[in-house]
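Remarks on the structure that follows.
The values are calculated or read from the model by the stated rules, or taken from the named source; none is laboratory data. Keep in mind that what you see is a predicted model, and the values were worked out from it rather than measured. We place every Cβ from the backbone using ideal geometry, glycine too, and count neighbours over all the protein chains shown.
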């Protein structure tokens, strides 16, 4: 059996009140449709589903969208326990220890999560699988939602946070790597940046976030920005600016920000 889709999990979006969550899911879906063909992106209250012939590549692209907690290349099948057993066994790595995990958003399914794990695990065990619930080498996972079953074993970590743009625009001074990381931290909080400074950093953002309409200016032209963000202290340059100035790297290690966004180069 071959993976035929990716399931995209929300990060902080999932913690919001119903109305806010719906708006953020709509924004995230819109952004995904700028990366993938619109008819290949399906939205639900629980996950986004992306259909692709190259699910590994699709998963990596989707994981770079702000607001995404994680992405899994998965096999989508009908929620039939016999099909789940066969799909799970197809993901088993011969000679490796395994366990089965299950999460059900479809609570009306006739088997609960524990029973699904037991039946599927027993099927894999009977065919030579080595069960180890604590020190497993392979975690075969089953996710039930939208009246379908999704079987997978891999989770690709996303950038998390909120969808870029849900909190409005912010000007980002961009002269070096610290400024670049500071900009990414604010995008992670839902801001859409206006880049002011070196074009090479703007080009980095444009390369990795082509689905966002990011503006670029070489110099500060006016002072009516709603807020500014910097990675360094630009006291002289920002004299006379009355808007709030944020320094998101002030109280965190630069290495933390680098690690968080290491997939961006």
ask   = In the stretch 82-98, what residues are closer than 20 Å to residue 3 by Cβ and without any contact (Cβ under 8 Å) to a residue 60 or more places away in the chain?
value = 82, 85, 89, 92, 93, 94, 96, 98
One residue from 90, 70, 63 being surrounded by 17 or more Cβ atoms within 10 Å (Cβ to Cβ) and under 24 Å from residue 135 (Cβ atoms) = 70
query = Got a sec? Which of 94, 85 is farther than 20 Å from residue 40 by Cβ and not in a helix (DSSP H, G or I)?
reply = 94
task = Considering only the stretch 10-42, state which residues are surrounded by 18 or more Cβ atoms within 10 Å (Cβ to Cβ) and closer than 17 Å to residue 148 by Cβ.
result = 41
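Just to be sure, is residue 208 in contact with a helix residue (DSSP H, G or I) (Cβ under 9 Å, 6 or more places away or on another chain), closer than 29 Å to residue 33 by Cβ, outside the structural domain of residue 34 (by TED's automatic domain parsing) and at pLDDT below 90? Please lay out each step first, then the result.
Values: in contact with a helix residue (DSSP H, G or I) (Cβ under 9 Å, 6 or more places away or on another chain): no; closer than 29 Å to residue 33 by Cβ: yes; outside the structural domain of residue 34 (by TED's automatic domain parsing): yes; at pLDDT below 90: yes.
For residue 208, the condition - in contact with a helix residue (DSSP H, G or I) (Cβ under 9 Å, 6 or more places away or on another chain), closer than 29 Å to residue 33 by Cβ, outside the structural domain of residue 34 (by TED's automatic domain parsing) and at pLDDT below 90 - is not met.
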inquiry  = Can you say whether residue 227 is under 30 Å from residue 84 (Cβ atoms), touching a residue at least 24 places away in the same chain (Cβ under 8 Å) and more than 16 Å from the chain's Cα centre (by Cα), as far as the supplied structure shows?
reply    = no
ask   = Could you say whether any residue in the stretch 101-109 is in a loop (DSSP other than H, G, I, E, B) and in contact with a helix residue (DSSP H, G or I) (Cβ under 9 Å, 6 or more places away or on another chain)?
value = yes
query = Could we say that residue 220 is surrounded by 16 or more Cβ atoms within 10 Å (Cβ to Cβ) and closer than 18 Å to residue 257 by Cβ here?
reply = no
